[in-house]
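**Student:** Mind looking over this structure? Questions follow.
The values are calculated or read from the model by the stated rules, or taken from the named source; none is laboratory data. Nothing here was measured: the structure is a model prediction, and the numbers come from that model. Reconstructed Cβ throughout: ideal geometry from the backbone, glycine too, with neighbour counts over all protein chains shown. The area values use the complete protein model at the heavy-atom level, side chains included, leaving out ligands, DNA and RNA. Shrake-Rupley method; radii C 1.70, N 1.55, O 1.52, S 1.80 Å.
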Amino acid sequence: MKYIIVLGDGMADEPIGKLGGRTPLQSADTPAMDWLAAHGRCGLLKTVPDGYHPGSEIANLSVLGYDLDRVFEGRGSLEAASMGVDIESGEMAMRCNLVCIENGRIKNHSAGHISTAEAAELIDFLQKELGGEDANFFRGVSYRHLLKLKGGDKRVDCTPPHDVPGTLFREVMVRPLVPEAVPTADRLNELILRSQQILPSHPVNRKRVAEGKDPANSIWPWSPGYKPRMETLAERYGIKSGVVISAVDLIRGIGVYAGLRPVEVEGATGLYDTNYEGKVQAAIEALHTHDFVYLHIEASDEAGHEGDVDLKVRTVEYLDHRVLKPLIDAVSRMSDSVTIALLPDHPTPCRLRTHTAEPVPFVIYKSGVEPDGVTRYSESDVAGGAYGVLAGEQFIKEFFRKN
């Protein structure tokens, strides 16, 4: 038996007036998703446990069945694994966004989706000017980077920038949660303010402004933690080997800790222009040599953060036509049986432009298993599926269960 999870990040949404009261999933042309729903079994999955922020790090760990109370150590520490950055004892790792501040407010969380090449110059500049002692910066992809702080205390309140577009940045700077964390909060806020002094005049930002693009004129550190301790999927579920395919360091890092091998795909961007064909081809090839594939597509999440309804519908259709359709066709020709699951990690409603904790729609297709009568894949349609509402480890156990 082979297994593949196709995760459309942030695909789920709310009914939208512009779409006649339908969600993007309901409005999009999705014959492959609907085929899976009609031939598989469906339900809803609660991916964000009570008390947790609905971040992708939480939701993807939950999809894979991990106990968040035991393993979660912040987003930065997970991304470090993908980047090959070791977290030593006494160090704290954090996601470090390049963001755009305009008139004192967070205009966007991505510096206008700055290119990886531009961002690399800025991160190197920040390391030269601000790093080298207790704080060190490491390059990632596009706006997503890493900050390590020696002696950092993770008991600080750091607001994810994608949660607060339009907010005065000073209202959501780092706050200590305990007195012992005051030095850490002060140091992080100092780095934010110093970055705002030196980044605007960098040639990369001067060129971006001249071209009418948003400058990356501030850093924004968030999701602090130490090095996590996680059992691999092989240890938990007996998977002999597996791969993770994603353009996002966070997902690749989760995969590394879960014992999955990251697969590089040329042209994978994490945006709507990603190399869909290259990613699904890599997934199909991996199914011939591995037991399990975790195929992550980021585009719908980014469209939701931008509040772009038309783009979100388009990204859903891209996933359907350019990923799921060729995957289903390839699986139908394989000699091995292949279990396919499709789901988002969390909703990213265009109205809110951030994540929510609502349960997400999922379908599990297994050859030879009686379908449950659901004929369409959407937030409301799957609610009548055979699985009902699952939580915790229930989804992944059902996914790997041999019938």
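**Student:** Just to confirm the number: angle between the C-alpha axis of helix 276-289 and the first principal axis of the chain, 0 to 90 degrees, nearest 10?
**Tutor:** It is inclined by approximately 60 degrees.
**Student:** Could you please state how large a percent of the accessible area of the chain is carbon and sulfur, counting protein chains only and using a 1.4 Å probe?
**Tutor:** On the chain, the fraction of accessible area on carbon and sulfur atoms equals 47 percent.
**Student:** Name the residue, out of Gln26, Gln197, Gln281, whose mean-square fluctuation peaks in a Gaussian network model built on the chain with Cα pairs under 10 Å.
**Tutor:** Result: Gln197 has the largest fluctuation of those listed.
**Student:** Stretched out fully, how many nm does the piece from Glu14 to Asn103 gain, at 0.36 nm a residue minus the Cα gap?
**Tutor:** The Glu14-Asn103 span can extend by a further 29.0 nm.
**Student:** From the mean inverse distance of alpha carbon pairs (Kirkwood) and the Cα radius of gyration, derive Rg over Rh for region 63-173.
**Tutor:** Answer for region 63-173: 0.97.
**Student:** Of the beta bridges DSSP finds with both residues in the chain, what % are antiparallel, to the nearest 5?
**Tutor:** 60 percent
**Student:** Taking 7 Å along the Cα-to-C-beta vector as the label spot, tell me the Gln281-Val209 distance in nanometres, rounded to one decimal.
**Tutor:** Each label point lies 7 Å from its Cα, and together they span 4.2 nm.
**Student:** Among Gly90, Gly51, Gly131, which one shows the highest mean-square fluctuation when the chain is modelled as a Gaussian network with alpha-carbon springs under 10 Å?
**Tutor:** Gly51
**Student:** Of His321, His296, which has the most accessible area and how do the rest follow, probe 1.4 Å?
**Tutor:** Final ranking, largest accessible area leading: His321, His296.
**Student:** A further question follows. Using 11 Å as the cut-off for backbone N distance, which residues of region 63-97 belong to the label zone defined by a point 7 Å from the Cα of Arg229 along Cα→Cβ?
**Tutor:** 71
**Student:** Can you work out the base-10 log of I(q)/I(0) for region 7-72 at q = 0.17, 0.18, 0.20, 0.27 1/Å, using the Debye formula on its C-alpha atoms alone?
**Tutor:** The Debye formula, applied to the Cα set alone, gives -0.79, -0.85, -0.95, -1.16.
**Student:** Something else: For a test of the definition: using alpha carbon positions, the gyration tensor, and the 1.5 limit on a/c, classify region 166-288 as rounded, prolate or oblate.
**Tutor:** Oblate.
**Student:** Skipping prolines and chain starts, which residues have an amide H placed within reach, meaning under 5 Å, of the one on Lys2, given they are 5 or more residues away or on another chain?
**Tutor:** Hits under the 5 Å cutoff: Ser337, Val338, Thr339.
**Student:** How big, in percent, is the set of alpha carbon pairs in the chain lying more than 39 Å apart?
**Tutor:** Tail fraction, whole percent: 16.
**Student:** Of all GluC sites (Glu not before Pro) in region 74-133, which ones are in loop regions per DSSP and have a Cβ with at most 13 other Cβ atoms within 10 Å?
**Tutor:** Here the GluC sites (Glu not before Pro) that fit, given the DSSP loop and packing criteria, are Glu88, Glu133.
**Student:** Send over the Kirkwood Rh of region 4-150, from the inverse of the averaged 1/r over different Cα pairs, rounded to one decimal Å.
**Tutor:** 18.5 Å
**Student:** Ok, one more. Sort Asp345, Asp50, Asp134, Asp29 by accessible area with a 1.4 Å probe, largest first.
**Tutor:** Sorted by accessible area, descending: Asp50, Asp29, Asp134, Asp345.
**Student:** Still on this structure, I have one more. Over the Cα atoms of region 147-201, Rg to Rh with Kirkwood Rh, two decimal places?
**Tutor:** Using only Cα positions, Rg/Rh for region 147-201 is 0.98.
**Student:** What is the Cα centroid distance between region 320-351 and region 251-265, reported in whole angstrom?
**Tutor:** Here the two parts' Cα centres lie 19 Å apart.
**Student:** Here's something else I'd like to know. Based on a Kirkwood Rh over C-alpha pairs, give the Stokes-Einstein translational diffusion coefficient of region 304-375 at 4 °C and viscosity 1.567 mPa s in µm²/s.
**Tutor:** Stokes-Einstein gives a translational diffusion coefficient of 90 µm²/s.
**Student:** If you don't mind, there's one more thing I want to ask. Need the C-alpha centroid separation for region 1-66 versus region 360-379, integer Å.
**Tutor:** Their Cα centres are 12 Å away from one another.
**Student:** Give the span of region 259-403's Cα atoms along each principal axis, as three whole-Å numbers ordered largest to smallest.
**Tutor:** Ordered largest first, region 259-403 gives principal extents of 42, 38, 29 Å.
**Student:** Same structure, new question: If the viscosity is 1.306 mPa s and the temperature 10 °C, what Stokes-Einstein diffusion coefficient in µm²/s follows for region 49-90 when Rh is the Kirkwood radius over Cα pairs?
**Tutor:** 141 µm²/s
**Student:** Let me ask something else about it. Under a GNM of the chain (C-alpha, springs under 10 Å), which listed residue has the highest mean-square fluctuation: Gly225, Gly17, Gly385?
**Tutor:** Comparing Gly225, Gly17, Gly385 in a Gaussian network model of the chain, the most mobile one is Gly17.
**Student:** Compute the helix-to-body angle for 116-130: its Cα long axis versus the longest principal axis of the chain, expressed 0 to 90° and rounded to tens.
**Tutor:** That helix lies at roughly 40 degrees to the long axis.
**Student:** Over 23 Å between Cα atoms: which of Lys128/Lys207; Lys2/Lys279; Lys46/Lys227; Lys107/Lys150; Lys279/Lys312 fall into that group?
**Tutor:** Lys46/Lys227; Lys107/Lys150
**Student:** Same structure, new question: Can you tell me the Rg and Dmax of region 116-185, counting just the alpha carbons, in angstroms?
**Tutor:** 13.8, 40
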